[in-house]
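Derivation of every value follows stated rules applied to the coordinates shown; laboratory data play no part. Everything numeric in this text was worked out from a predicted model, so none of it was measured. Quick reminder, even Gly has a Cβ in these numbers, built from the backbone with ideal geometry, and neighbours come from all protein chains shown.
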Amino acid sequence: MLSKIRVLVSGASGRMGREVSKTILNDEELQLVGAVDKMNIGKDIGNLVGLEPVNIFLQEDLAAGLKSCKPQVMVDFTTPATAMPNIRVALTSGTNVVVGTTGLTPDNLTEINGLCTKYQVNALVAPNFAVGALLMMRFAATAAKYFPQVEIIELHHDQKLDAPSGTSIKTAEMILAGREQSSPAAIGEEKIKGVRGGEMGGIHLHSIRLPGLIAHQEVIFGGQGQTLTIRHDSMSRESFMPGVVLAVKTVSQRPGFTYGLEHYLF
Ligand code: NAD
């Protein structure tokens, strides 16, 4: 029998971190060996996620955790400010990383790429782990050839720190790459500043933040006498788990840096 993949979760006390920890504890091919966060220090991660105690306790010091737990993969769901130092510590210590934290800058991605090469380790940074969301982006990129005008509306829970979402930025990038002609959106007079949303390469993006939402996105194309709407809804954080599990099981076989789970999927 193959040995289990040893995984440490960083941000294990957060909404995504708990879901990921629970998923790993329930997966026969994965072994949760460490849980790092600044909250709930000393608590058993099994208890924290509503399972039996597993004798793995939340700790604050990632470097110490990596040294003592020797994970093959670190999964990070923290904040943009925390993720980068975490990624540096993990990659320089020879641990592969799977990063779900959004809000990383292009400079951050360049640095991760460089660290992967320098330390011969692998990293996946994925703005969205929901397979349906990746298909939504792919369908949007296909439609872009036929509809020069498009707007993106992304809707998330009100605790989300960054706007617009990483997924909406990636969608806009894919649409721009798939376009044969571009047609900037009409703006008109903005009677309330910002009411037409933010703009990226002529595509308008709108961010909605409300309690009750998880992660949703609509891509609306407009053409002569017709519109095409492509919509994806993550109804719960479970929607991200098959993608996270796939990433954790695949990252060691994909040399270097990968941006976007679609590269593991399609
Ligand atoms: P959250 O606030 O519930 O969890 C973040 C956790 O990180 C908290 O437990 C917090 O204590 C911990 N943390 C923050 N700073 C820390 C530090 N310095 N040291 C140790 N721990 C620290 O947030 P969340 O809803 O779980 O989201 C986490 C990230 O994942 C966000 O960036 C969010 O946008 C992203 N996200 C990505 C996907 C995806 O598919 N890629 C899906 C959902 C959320």
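The Thr117 and Glu173 beta-carbon pair, evaluated with R₀ = 25 Å, returns a calculated FRET efficiency of approximately 0.60.
When each of Asp44, Asp107 is scored by the number of other beta-carbon atoms lying within 10 Å, the sequence from fewest to most is Asp107, Asp44. Number of Lys-Lys pairs in the range 132-266 with C-alpha atoms under 28 Å apart and a separation of 8 or more places or on different chains: 7.
Residue exposure proxy: Leu261, Leu161, ordered by other Cβ atoms within 10 angstrom of their Cβ from fewest to most, comes out as Leu161, Leu261. For Ser207, the shell of other residues with beta-carbons less than 14 Å away shows a net charge of -3, using +1 for Lys and Arg and -1 for Asp and Glu. Summing +1 for each Lys or Arg and -1 for each Asp or Glu among the other residues whose beta-carbon sits under 13 angstrom from that of Glu19 gives +2.
The calculated FRET efficiency for Ile208 paired with Ser3, based on their beta-carbon distance and R0 = 41 Å, is about 0.35. Taking other Cβ atoms within 10 Å as a rough exposure proxy, Lys191, Lys249 sort from fewest to most as Lys191, Lys249. The value of relative contact order for the chain, using C-alpha pairs under 8 Å at least six residues apart, is 19 percent. A simple spin-label model places the labels of Lys38 and Ser68 2.0 nm from each other, with each point 7 Å out along Cα-to-Cβ. Taking every DSSP helix (H) stretch of at least 4 residues in the chain, weighting each as -39,500 (n - 2.57) and dividing the sum by the residue count yields a mean residue ellipticity at 222 nm of -10000 deg cm²/dmol.
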